[in-house]
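Submitted below is the structure of interest, expressed as structure tokens.
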Amino acid sequence: MSATTSPRTFRVKSFGCQMNVYDGERMGELLQAQGMAAAEEGADADLVVLNTCHIREKATEKVYSDIGRLRRDDGTTPLIAVAGCVAQAEGEEIMARAPSVKVVVGPQSYHRLPDMVAEAAQGRRATETDMPAEAKFAALPRRRRSGPSAFLTVQEGCDKFCTYCVVPYTRGAEISRPFADLVEEAKLLVEGGAREITLLGQNVNAWASEDARGRAIGLAGLAEELARIPDLARIRYTTSHPADMDDALIEAHGTNAKLMPFLHLPVQSGNDRVLRAMNRSHTAESYLKLLDRVRAARPDIALSGDFIVGFPGETDAEFEDTLRLVDAVGYAQAFSFKYSARPGTPAATMDGHVPATVMDERLQRLQAALNRDQLAFNKASEGKRCPVLVERRGKHPGQWLGKSPWLQSVHFIADVRIGDLVEVDLLEAGPNSIAGRPLS
Ligand code: SAH
Ligand code: SF4
Ligand code: F3S
């Protein structure tokens, strides 16, 4: 394709969090509404959208190397658009450094992508990194198709300003999408095939709006309303902040049968000095007490978290507190990262940066503990019977993969279809999946 013809096929590559996956889907829908088609697997696309993540180091370098790799054997390149959080944070630099990039679009402006692509096809490079998120959703096309498990962004942005984190700068201030829009989008997703909806937000449990009668409503109320959609079987939400875990949401885990017994609640560290330096508003003790309340509402809840090792100034003893917290919680799964200094964040200029070798060693110890607990959690599921939502085919003939209520991957042989909810006996658990047998 030459730079002055309109692209006919596109590919969107999303990196980073689930909100980026959601945005990537919506960008695809926008382009389709303009008459473009998703490129076939393995085929070259006329337009490639790199939907980027800025959360940890090397993100920007990765974008440049991805751009380089998009050059084809015959020396041509597709029309390249850089979207997502790197576009927001480093858009100007990308335009200056990578002449093959024709469009730079931030996460709150991607509803303008089709116009920008049209401009670029006329030979004019286009940049758009405005922040107001509300306009975007109203400008997106109606949802039509969905897999069995769908994402629905309900809240965007973050006002928490943890000292290590770029999200408040790349995604802007916290905003909640209106209740009625979300109920409508959820219904369309279910009509389009979704049986499960995961409500998304950088701080999803800070979502707040008004219901149809103008009464204040939080995430528990939204989940209650969505539970009335007959063909919707499961509701999940992520990512939550401990400070926004209100009584109603905790209680909902005991009363809303469609709300799945799983909670991703990042703690980051088990040491109170480090937590303060991170500007997290909880202590190790307040976090553990919160989990006690959640477990009282829903005893079988599976817990998940995020951790950072090697935050500036973290001592060996402070790191040991994180291991102690992990022992106390018994996570079903968790994500753990080495601290990565992000330009423009307060932590980047703090004293006491921890040497890479120390971070490596801490991460290994933490991950060994988390892996141990994940396996133990899965092993404890052996012998249980539960519904599994069938998501896709497995590697072996007749094999299917799906998720348990506790977000474990379950594989089994059966005659089923994608989107079925199948009662399965959980037989043999490994670290990452469980072999099951459906009731016949
Ligand atoms: N809003 C969510 C998740 C934000 S990003 C929350 O508050 O938990 C996902 C995870 O990336 C964070 O929970 C944190 O563990 C990790 N992370 C964020 N910034 C980081 C940094 N600079 N270095 C290492 N890990 C980081
Ligand atoms: Fe980042 Fe903290 Fe906001 Fe999460 S709560 S997105 S870690 S600033
Ligand atoms: Fe990454 Fe942006 Fe998500 S930085 S984690 S894509 S909010």
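Per-residue counts of other Cβ atoms within 10 Å, averaged by peptide: what ranking do you get for 147-158, 276-287, highest first?
Ranking the peptides 147-158, 276-287 by packing returns 147-158, 276-287.
So how much slack lies between residue 413 and residue 427, counting 0.36 nm per residue of separation and subtracting their Cα-Cα distance, in nm?
The residue 413-residue 427 span can extend by a further 3.8 nm.
In the calculated pair distance distribution of the range 385-438, what percentage of Cα-Cα distances lie above 13 Å?
48
Could you work out the helix-only [θ] at 222 nm for the chain, with each DSSP H run of four or more residues adding -39,500 (n - 2.57) and the total divided by the number of residues, to the nearest 500 deg cm²/dmol?
Value at 222 nm, helices only, nearest 500: -10500 deg cm²/dmol.
Read phi for every residue in the range 59-72 and hand back ³J(HN,Hα) as whole Hz from Karplus 6.51 cos²θ - 1.76 cosθ + 1.60, θ = phi - 60°, with x for Gly and Pro.
So the Karplus estimates, Gly and Pro as x, are 4, 5, 4, 4, 4, 5, 6, 5, 4, x, 5, 6, 5, 8 Hz.
Okay, next question. Leaving out ligands, DNA and RNA but keeping every protein chain, what accessible area does residue 350 have, in Å² rounded to the nearest 10, with a 1.4 Å probe?
So the heavy atoms of residue 350 present about 60 Å² to solvent.
If you don't mind, another one. Based on the alpha carbons, how large is the Rg to Rh ratio for the range 9-135 when Rh follows Kirkwood?
Computed over Cα atoms, the ratio is 0.92.
Using a 1.4 Å probe and ignoring any ligands, DNA or RNA, find the accessible area of residue 184 and quote it in Å² to the nearest 10.
Rounded to the nearest 10, that gives 100 Å².
Now for a separate question. If contacts are Cα pairs under 8 angstrom and at least 6 residues apart, what is the relative contact order of the range 128-259 in percent?
Result for the range 128-259 is 25 percent.
In addition: Given just the C-alpha atoms of the range 136-380, how large is their convex hull per residue in cubic angstrom?
Spelled out: Cα convex hull of the range 136-380, divided by residues, is 134 Å³.
Let me ask something else. Hey, rough spin-label estimate for residue 289 and residue 140, points 7 angstrom out along Cα→Cβ, what's it come to in nanometres?
The modelled label-to-label distance comes out at 3.8 nm.
Sequence-distant or interchain residues sharing an amide H contact under 5 Å with residue 153, placed H: which?
Counting only residues 5 or more places away or on other chains, the set is 200.
Among the listed pairs 289/338; 62/379; 62/384; 62/187; 160/395; 13/187, which are separated by more than 32 Å between their Cα atoms?
Those over the limit are 62/379; 62/384; 62/187; 160/395.
Can you sort 386, 165 by solvent-accessible area, 1.4 Å probe, largest first?
I get 165, 386, largest accessible area first.
Something else now. How many percent of DSSP beta bridges within the range 193-346 run antiparallel, rounded to 5?
Of the beta bridges lying entirely in the range 193-346, close to 15 percent run antiparallel.
Collect residues whose amide H, placed 1.01 Å from N in the peptide plane, falls under 5 Å from the amide H of residue 262; neighbours closer than 5 in sequence don't count.
It is 302, by chain and number.
Something else: Taking only Cα atoms of the range 328-428, what ratio of Rg to Rh do you get with Rh as the Kirkwood inverse-distance radius?
1.18
Calculate, for the range 9-135, the solvent-accessible area per residue in square angstrom, rolling a 1.4 angstrom probe over the heavy atoms of the protein chains.
45
Roughly how many percent of the accessible protein surface of the chain is carbon and sulfur, given a 1.4 Å probe and a whole-percent answer?
50
What percent antiparallel are the DSSP beta bridges of the range 65-212, to the nearest 5?
Given both bridge residues lie in the range 65-212, the antiparallel proportion sits at roughly 15 percent.
Rolling a 1.4 Å sphere over the protein heavy atoms, what is the accessible area per residue of the range 291-344, to the nearest Å²?
Using a 1.4 Å probe on heavy atoms only, each residue of the range 291-344 averages 38 Å².
While we're on this one: For the chain, state what percent of all Cα-Cα pairs lands in each successive 10 Å bin, counting from 0 Å until the bin that includes the largest distance.
That works out to 4, 19, 28, 28, 17, 3, 0, in percent per bin.
Can you give me the three principal axis dimensions of the range 77-210 from its C-alpha atoms, in Å, biggest first?
That works out to 43, 38, 23 Å along the principal axes.
Of all beta bridges DSSP finds with both residues in the chain, what is the antiparallel percent, to the nearest 5?
Once the DSSP bridges in the chain are tallied, antiparallel ones form about 35 percent.
Compute all pairwise cysteine Cβ distances in the chain, then list the cysteines with no distance under 4.7 Å to another cysteine.
Lone cysteines by the Cβ rule: 17, 53, 85, 158, 386.
Turning to a different aspect of this structure: Karplus couplings for the range 162-176 from phi (6.51 cos²θ - 1.76 cosθ + 1.60, θ = phi - 60°), rounded to Hz, Gly and Pro as x?
Coupling constants for the range 162-176: 4, 5, 9, 10, 8, 4, x, 8, 8, 10, x, 6, 5, 9, 10 Hz.
Another question about this same structure. 5 Å is the cut-off here: which amide hydrogens, built 1.01 Å from N in the peptide plane, fall below it relative to residue 336, excluding neighbours closer than 5 in sequence?
Correct list: 307.
Find the centroid of the Cα atoms in the range 35-77 and in the range 391-431, then give the distance between the two in whole Å.
33
Dividing the convex hull volume of the Cα atoms of the range 4-76 by its residue count, what figure in Å³ per residue is obtained?
102
Using the Karplus curve 6.51 cos²θ - 1.76 cosθ + 1.60 with θ = phi - 60°, what ³J(HN,Hα) values do you get for each residue of the range 246-260, in whole Hz, with x for Gly and Pro?
After applying 6.51 cos²θ - 1.76 cosθ + 1.60, I find 8, 4, 4, 5, 4, 4, 4, 5, x, 10, 8, 5, 8, 7, 6 Hz.
The values are calculated or read from the model by the stated rules, or taken from the named source; none is laboratory data. From a predicted model like this one, the values you see are computed outputs, not experimental measurements. Every residue, glycine as well, gets a Cβ built from its backbone with ideal geometry; the counts of neighbours run over all protein chains shown. Side chains included, ligands, DNA and RNA excluded: accessible areas come from the protein's heavy atoms. Shrake-Rupley method; radii C 1.70, N 1.55, O 1.52, S 1.80 Å.
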